[in-house]
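The values are calculated or read from the model by the stated rules, or taken from the named source; none is laboratory data. Everything numeric here is computed off the predicted structure, so don't read it as measured data. With ideal geometry, Cβ positions are generated from the backbone for all residues, glycine too; neighbour counts draw on all protein chains shown. In case anyone asks, the SASA skips ligands and DNA or RNA and just uses the protein heavy atoms, side chains included. Shrake-Rupley method; radii C 1.70, N 1.55, O 1.52, S 1.80 Å.
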Amino acid sequence: MTSVRLGAVELGGTKVICLVGSDPGHIVAQTRIATGKPAETLAQVLAFLQREVSRGGPLAAIGIASFGPLELRRSHPRHGFITRSPKPGWAYVDVVGPARRALGVPVGFDTDVNAAALGEGRWGAARGLDTFVYLTVGTGIGAGAVVQGRIIHGLGHPEMGHLSVPHQPGDHFTGQCPFHGDCWEGMASGAAVAARWDRPAEQLDGDTLRAAARLEAGYLAAGLRNIVYTIAPQRIVIGGSVTALPELFPLVRADLREALAGYPGLGEHGAEDFVVPPALGPLAGPAGALVLAHRAMAT
Ligand code: ZN
């Protein structure tokens, strides 16, 4: 991949990261754009990429990793659109069409978490593995699963953040998912932590902070149990702001071991490297967009 010149875009709810390069170690241009109205934001993204084409030569392809939900079925008339997004103005916005028209190159498109999974698989914490899960726990919970080298797609993309999880003992919080109330995201996202404790995780301290971390670990382990039994991942990578809670990773590993209760008895599930933080940090999404671009070249 090192000789290919690719464009990568990570379209987030508050900011867009755009870059040109071939891999995370070879980035030749990068910019950050505030996410505003769709037409203006996409115009700024495309202007950056077109400027880089004028300066440095053509791009072989571009990859776009976006907040969802997205229409990913190639046969669908709205392929390449953001679909039912609650973000004001962004519902049913065509993202891929304008990019393809402006740049005239293949465009890879997938969710931000699916892209981050691909990025961590290519260059990061899941390097060398073919079946793994990338989970982000920030304002919401999202997850991407790579199974035998391929991102899972079906009718749409998985929405593992909305799995059902049992309430942890003593927790009377009713959940805050607008669709399901007490689903995984409703109980364990950053927004849920803030609602349960009346302030964001980064403002908690003392016994409250430790209690929040223990409870969060319990919920994460409960959701991960479902994922372990469904997908049989070789590794689970967890990123997002909520992972800054103290001792979260050791607590999640211990709670997951307990939740699995020795079944099916795989030693790997108890290993220190089964649940790990990302290696690429904030570059996971843009790096994943580079993988999307590279894959789009071949299709
Ligand atoms: Zn939900």
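Summary of computed values
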read-out	value
Residue-by-residue Karplus 3J(HN,Hα) for the range 143-159, coefficients 6.51, -1.76, 1.60, Hz, glycine and proline x	8, x, 10, 9, 10, 6, x, 10, 5, 6, 10, x, 4, x, 9, x, 10
Mean Cβ count within 10 Å, highest first, over the residues of peptides 82-91, 54-63, 237-246, 260-269	237-246, 54-63, 82-91, 260-269
Among beta bridges that DSSP assigns inside the range 126-277, antiparallel share in %, nearest 5	60
Sites residue 84 and residue 130 - FRET efficiency at Förster radius 35 Å, r taken between beta-carbons, to 0.05	0.65
Whole-Hz ³J(HN,Hα) from phi, Karplus 6.51 cos²θ - 1.76 cosθ + 1.60, for the range 206-213, glycine and proline x	x, 5, 5, 4, 5, 5, 5, 5
Amide proton proximity set for residue 239, modelled H, under 5 Å, gap of 5+	135, 136, 137
Interchain or long-range residues, amide H under 5 Å from residue 140's placed H	190
Under-5 Å amide H pairs with residue 63, H placed in peptide plane, nonlocal only	7, 8, 9, 108, 293
Cβ-placed point charges (K, R +1; D, E -1), dipole of the chain about Cα centre in debye, nearest 20	1140
Cα centroid separation - the range 79-152 against the range 272-286, whole Å	15
Taking the range 126-277 and dividing mean pair separation by its residue count, relative contact order in percent (alpha carbons under 8 Å, at least six apart)	25
Options 164, 176, 144, ranked by Cα towards positive dipole end of the range 121-191, top entry (Cβ charges)	144
Label point distance in nm, residue 75-residue 203, each placed 7 Å from Cα along Cα→Cβ	5.1
R0 of 51 Å, Cβ-Cβ distance residue 174-residue 101: FRET efficiency to nearest 0.05	0.65
Per-residue [θ]222 nm for the chain (sum of -39500 (n - 2.57) over DSSP H runs n ≥ 4, rounded to 500)	-11000 deg cm²/dmol
Cα gyration tensor, the range 126-277 - rounded (a/c under 1.5), prolate or oblate	prolate
Normalised contact order of the chain, rounded percent, pairs of Cα under 8 Å and 6 or more residues apart	22
Within the chain, percent of DSSP bridges classed antiparallel, to nearest 5	60
Virtual spin-label span in nm between residue 299 and residue 50, 7 Å along Cα→Cβ	2.5
Most mobile listed residue (48, 179, 67) in the chain, GNM with C-alpha springs under 10 Å	179
The range 238-299 shape via C-alpha gyration tensor axes, a/c threshold 1.5	oblate
Within the accessible area of the chain (1.4 Å probe), percent carbon and sulfur	52
Separation of the residue 31 and residue 254 label points, Cα + 7 Å toward Cβ, nm	4.9
Karplus (6.51, -1.76, 1.60) ³J(HN,Hα), θ = phi - 60°, over the range 85-96, in Hz, Gly and Pro reported as x	6, x, 5, x, x, 9, 6, 6, 9, 7, 9, 6
Selected from 209, 280, 220 as most flexible by GNM, with the chain as the system and alpha-carbon contacts under 10 Å	209
Largest-first principal axis extents of the Cα set of the chain (Å)	59, 40, 37
Check: the range 126-277 dipole with +1 on Lys, Arg Cβ and -1 on Asp, Glu Cβ, in debye	300
Cα gyration tensor shape of the range 44-138, rounded if a/c is under 1.5, else prolate or oblate by comparing a/b with b/c	oblate
